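To start, the structure under review is shown below, and the notes come after it.
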Amino acid sequence: MSISLKFRSVAALSALALLTVLNYFIQNYHTQTVDNDAHLLNQAGRQRMLATRVAYLSSQLLLYGDEPAASGEIRQRLLQTAKEMAEQHDSLVHERHGFIDDLSVRHIFFEAPDMLDQKVHAYVASARGLANSRSEAPRRGDSYYAQIDSLETPLVEMMDRAVMQYELSADRRIKSLHLFEIAGMLVQFAGLFATWLMIFRPMGLRVKQYWGAQDRVNADLVRSNMALAAQKEALAREKEIADNLRQRLQAILDAAGEGITGLDLDGNIIFANVAATRLLGYPLEQLLGVNHHQLLHRSYEDGSAFPQEQCLIHAAIVEGQSYHSDTETFWHADGTALPVDVVSMPLYEHSVLVGAVLVFGDISRRKKAEEVIQCTMRELERSNRELDDFAYIASHDLKEPLRGIHNYSSFLLEDHGAHLDEEGRRYLETLLRLTQRMETLVDTLLHYSRLGRARLNIEECDLNELLAEAIDSLMIQEKHAEVRLTCQHPRLACNRVMVVELLHNLIVNGLKYNENTEKSIEVGCNQGPKEMIYYVKDNGIGIPEKHQESIFRIFKRLHGRDKYGGGTGAGLTIVKKIVERHGGKVWVESRMGEGSIFYFTLGNMGSDEHQIESADSDR
Amino acid sequence: MNTKSNQLILIVEDSEEDYETLERAFRKSGLANPVIRCCDGDEALDFLFHRNEFAHDQRLPGMILLDLNLPGTDGYEVLEKVKMDKNLRSIPVIVLTCSSDPGDISRCYASGANTYIQKPVSFEGFLQAIQRLKEYWFEIAILPR
């Protein structure tokens, strides 16, 4: 459709107008032709009538020739008729578009052997001659009359022939005109069709298209309206959600015990919660828009200047990194230092770094508490060391006079025993026994204090070997007992000497406090939740539940001094000390009359070098 | 006087030597009351509550001399058990121990101890303490019957 509708419609309308004009002319011509034919046929018919009338008048004149009045009138009418006939003939023959134009008629008039034209002229001449003849009563033999009489029938016949001929050609013309008309009609239809094709159809299509488009536009409009409404609703919902979120956020911010501030990339405060204003002592309006570092972080705790370029918080903000520290100091509005635990998280808007959120808490109390704890720890450490030292020194120094008492008692008994009676000697023997006992106690104390002071050398050991060593140091009568090991993982990292002593003490206890004829000890291990749990199980007398804690106290005995083989009451205290040196713990499960199980752990000495180091560095 | 000198004295003392010293001091100070000795807390409680080996011994002491440091059940527990029992709580309990720890002293008085005496290191001191004890408890003080 490259040619515009306007141009085509103009062209089509012009063509239609042209066709209409053309049709008009064709119709016009048609009407004129038919009109002309009718007129000529009428004239031709009239001519035939005039010819007949001439013949009739001629015969009348013959009849009424005797009567002058009648003959005169007849002559007059004859002349009149002849004149009319002649004029009419001229008009037929010479008139433009006349009768004679038809070739076959013309042939009849002028070319046939007895030309009608000549006959008419002769006839008219005869009529005139007859009418003008002087004879009062023309006779039948009159030449004019004879002429008329002889000419009348062929003339009429020829005229009929001519008229017929003309009618035929008029018919042909009409037929051809009909065809022409039909053709014109068809052309007009064609024109109309073309018009429809070129104007109305495209116009219709256009209209249809237009309305279709309009419909679509309308539909689109409806749809977009609906979409708009939905969008509006969604927006309202989003707004509600956003409002709720904002309120919730505000509530969270206000409820938070920690100070929360938002900073932009330059470090200026863009928002702060209630806790922040409370902790920092500044009202909100004095915080907003102010540089965080300059206001709150301008100097170190000792008061020396702290340039922003060195500030790790600021660096983290600029680089979009998170940052956590519990060693920063903010400055309160009243000029006091505020030790804080501060977390900085980068803040993004549409994936663009815009700043950071700082969350900080006042840790001055925590710091103080930590200081107190550290102080107490140091104090405890010191007093423990002093206690160990004291025990060590006291043991050494106590032993000296003790040895003196013992020695001098011996001398007295040896040198002057003979002078004493039974009771006197018994007193001296008791004195010696008591000094020995005192020495044992002091030695135990010394040993115990050494356990706390000695270097804890950790080595890889095999429980089998340790156990063998522990059994080796048993007294002869104790060796008859059954001691078995049931341990899947006998490898352990520990201080060899100490753990041998530990095992020895537990085994000895298991055998000493045992009234069974078949004394048995089982040493084993189980994998605990964190570490290996070792145990020494005996079938001894058991320990009442109320004493299961006090048995680990130094010099605490559950039985009389000489019952169950005696002893100082330090064995389990030493076990406990050894376990604690290894970072483990010891506990007991026991039922009276059934036996006891002593459990102990040794920490994770092998896997934790640091613990070994720190234990070593204690000394 | 007679009634008082007949009263049984319960001595709870695990140390042989200390018991011998105590006997000697009793003898020297003329304290001739009958004495029963228990070597540990459990034995003392058995005697006081007539249990186990003392089930048929219905005697009750007129006074208890109590050492704190005993094997097994210690003196504190014996003291608490005695002072919580309505039949026994009227019996004077004299704590006789080596400890001079203020915590031990207040703990004993809080539990209802009637007297707290630290064992003097020298026998002269010990004898003196026992003599004063005898004078006070058996000559001055009036005890329940």
Q. What is the magnitude of the charge dipole of segment A:369-449 about its Cα centre, with +1 placed on the Cβ of each Lys and Arg, -1 on the Cβ of each Asp and Glu, and no other charges, expressed in debye to the nearest 20?
A. 160 debye
Q) How far, in degrees from 0 to 90, does helix A:201-255 lean away from the longest principal axis of the Cα atoms of chain A, to the nearest 10? A) 20 degrees
Q. Using a cut-off of 21 Å between alpha-carbon atoms, which lysines can reach A:K546, once sequence neighbours fewer than 8 places away in the same chain are excluded?
A. A:K512, A:K537, A:K556, A:K563, A:K576, A:K585, B:K81, B:K83
Q.
Counting other beta carbons within 10 Å of each residue's own, what order do A:K368, A:K399 fall into, fewest first?
A. A:K368, A:K399
**Q.** Cysteines without a disulfide-compatible neighbour (Cβ-Cβ under 4.7 Å), chain A
**A.** A:C311, A:C375, A:C461, A:C494
**Q.** Which of A:A11, A:G259, A:H89, positive extreme of dipole for the protein assembly as shown (C-beta unit charges)
**A.** A:H89
(Q) Tell me which of A:F600, A:Y513, A:G584 sits at the most positive position along the dipole axis of segment A:456-617, charges placed on C-beta atoms (Lys, Arg +1; Asp, Glu -1). (A) A:Y513
Q.
Once you keep just the Cα pairs under 8 angstrom separated by 6 or more residues, what percentage relative contact order results for segment A:369-449?
A. 48 percent
Q: Round to the nearest 10 and give me the degree value, 0 to 90, for the angle of helix A:571-581's Cα axis relative to the longest principal axis of chain A.
A: 40 degrees
Q: Would you mind giving the mean number of other chain beta-carbons within 10 Å of the Cβ of each residue in A:551-564, as a whole number?
A: 3
Q) Per-residue ellipticity at 222 nm for the protein assembly as shown, helices alone: DSSP H runs ≥ 4 residues times -39500 (n - 2.57), over residue total, nearest 500 deg cm²/dmol? A) -19500 deg cm²/dmol
**Q.** Crossing angle, helix A:68-94 versus chain A [Cα axis fit, 0-90 degrees, rounded to tens]
**A.** 40 degrees
Q: Would you mind calculating the relative contact order of chain A from Cα pairs under 8 angstrom and at least 6 residues apart, reporting the percent as a whole number?
A: 7 percent
Q: Check each of the GluC sites (Glu not before Pro) in segment A:1-95 and keep only those in coil by DSSP with at most 15 other C-beta atoms within 10 angstrom; list them in order.
A: none
Q) So, with +1 on the Cβ of K and R and -1 on the Cβ of D and E, and no other charges, what is the size of the charge dipole of the protein assembly as shown about its Cα centre, to the nearest 20 debye? A) 3040 debye
Q | Loop-located trypsin sites (Lys or Arg not before Pro) in segment A:532-584, at most 14 other Cβ atoms within 10 Å (DSSP) | A | A:R553
Q: Mind telling me which of B:A113, B:A129, B:A55 comes out most flexible in a GNM of chain B, alpha-carbon contacts under 10 Å?
A: B:A55
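Any read-out appearing in this document is the output of simple, stated calculations on the displayed coordinates, not a laboratory observation. Every value quoted in this text rests on a predicted model; they were computed, and no experiment measured them. Every residue, glycine as well, gets a Cβ built from its backbone with ideal geometry; the counts of neighbours run over all protein chains shown.
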